[in-house]
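**Student:** Take this structure first; my questions come after.
What follows is calculated from the coordinates using simple rules that are stated; it is not laboratory data. Worth saying up front: this structure is predicted, and the values here are computed from it rather than measured. Note that each Cβ is placed from the backbone with ideal geometry, even for glycine, and that neighbours are counted across all protein chains shown.
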Amino acid sequence: MATHTLTNASVKWNSVDLSDHCTAVTINYESETVDDTAFSTNSTRSAAAGLLNWSVDMTFFADEAASKVNQTMFGDVGGTARTVTIKPVATATTTANPAYTGTALLTSFPPLGGTVGEMNTINARCVAASASALTRSTS
């Protein structure tokens, strides 16, 4: 099985490539579970798959320049849903380098954070908007 180290991931918010300021990205993809235990002789609960849920956590170096992190994302907190696209490598989308895309709401964007002598970093979070599915494209 092929493995790789994240060194050149692609992170786009609303089609703006912010990869050169991103230091960490995590796509959270999960299914809720619904208890479907009925009266029976079983001594263990039973569960069924529920609704899917996804979110993306991103860490950026802050930058106030045009088309960079702060100006691109700050105004989107709690506002208009935007497209987020994440790829393991910033090259063409293939079966070995899938693109994960969805429409998301930016729920967290602290524009200033750090201590003396540290880089100003932003830990942003977005969640699925309006029942938007997270898609995995290989072409």
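**Student:** Among 38, 66, 90, 49, which is the only one that is in a strand (DSSP E or B), more than 14 Å from the chain's Cα centre (by Cα), surrounded by fewer than 17 Cβ atoms within 10 Å (Cβ to Cβ) and of a type in the set (A, V, I, L, M)?
**Tutor:** Values: 38 fails: in a strand (DSSP E or B); 66 fails: in a strand (DSSP E or B); 90 fails: in a strand (DSSP E or B).
Answer to the check: 49.
**Student:** Please find, within the stretch 52-63, the residue that is nearest to residue 113 (Cα to Cα) out of those that are under 16 Å from the mean Cα position of the chain (by Cα) and of a type in the set (A, V, I, L, M, F, W, C).
**Tutor:** Start the filter on the stretch 52-63 by keeping residues that are under 16 Å from the mean Cα position of the chain (by Cα), which leaves 52-60.
When the remaining residues are screened for being of a type in the set (A, V, I, L, M, F, W, C), the result is 52, 54, 56, 58, 60.
On the way: 52: 32, 54: 25, 56: 19, 58: 14, 60: 11 Å.
Filtering the stretch 52-63 for residues that are under 16 Å from the mean Cα position of the chain (by Cα) and of a type in the set (A, V, I, L, M, F, W, C), the one nearest to residue 113 (Cα to Cα) comes out as 60.
**Student:** Applying the selection to the stretch 1-42, what residues are of a type in the set (Asp, Glu) and closer than 23 Å to residue 87 by Cβ?
**Tutor:** 17, 20, 30 - these are the residues of the stretch 1-42 that are of a type in the set (Asp, Glu) and closer than 23 Å to residue 87 by Cβ.
**Student:** Of the residues that sit in the stretch 109-134 and are among the hydrophobic types (A, V, I, L, M, F, W, C) and free of Cβ contacts under 8 Å to residues at least 60 places away in the same chain, which one is farthest from residue 77 (Cα to Cα)?
**Tutor:** In the first step, residues of the stretch 109-134 are kept if they are among the hydrophobic types (A, V, I, L, M, F, W, C); the result is 109, 112, 116, 119, 122, 124, 126-129, 131, 133-134.
In the following step, the residues that additionally are free of Cβ contacts under 8 Å to residues at least 60 places away in the same chain were identified as 109, 112, 116, 119, 129, 131.
Values: 109: 7, 112: 14, 116: 27, 119: 22, 129: 12, 131: 18 Å.
Applying the filter and picking the extreme gives 116.
**Student:** Can you name the condition, by its number, that residue 80 falls short on among (1) β-branched (Val, Ile, Thr); (2) within 22 Å of residue 118 (Cα to Cα); (3) assigned to a loop (DSSP other than H, G, I, E, B)?
**Tutor:** So the condition that residue 80 fails would be (2).
**Student:** What is the residue count in the stretch 82-109 for residues that are hydrophobic (A, V, I, L, M, F, W, C), out of contact with any Cys (no Cβ under 7 Å at 6 or more places or on another chain) and closer than 13 Å to residue 125 by Cα?
**Tutor:** We begin by selecting, within the stretch 82-109, every residue hydrophobic (A, V, I, L, M, F, W, C); these are 84, 86, 89-90, 92, 96, 99, 104-106, 109.
So of that shortlist, the ones also out of contact with any Cys (no Cβ under 7 Å at 6 or more places or on another chain) come out as 86, 89-90, 92, 96, 99, 109.
With closer than 13 Å to residue 125 by Cα added as a condition, the list becomes 109.
Residues flagged as hydrophobic (A, V, I, L, M, F, W, C), out of contact with any Cys (no Cβ under 7 Å at 6 or more places or on another chain) and closer than 13 Å to residue 125 by Cα within the stretch 82-109 amount to 1.
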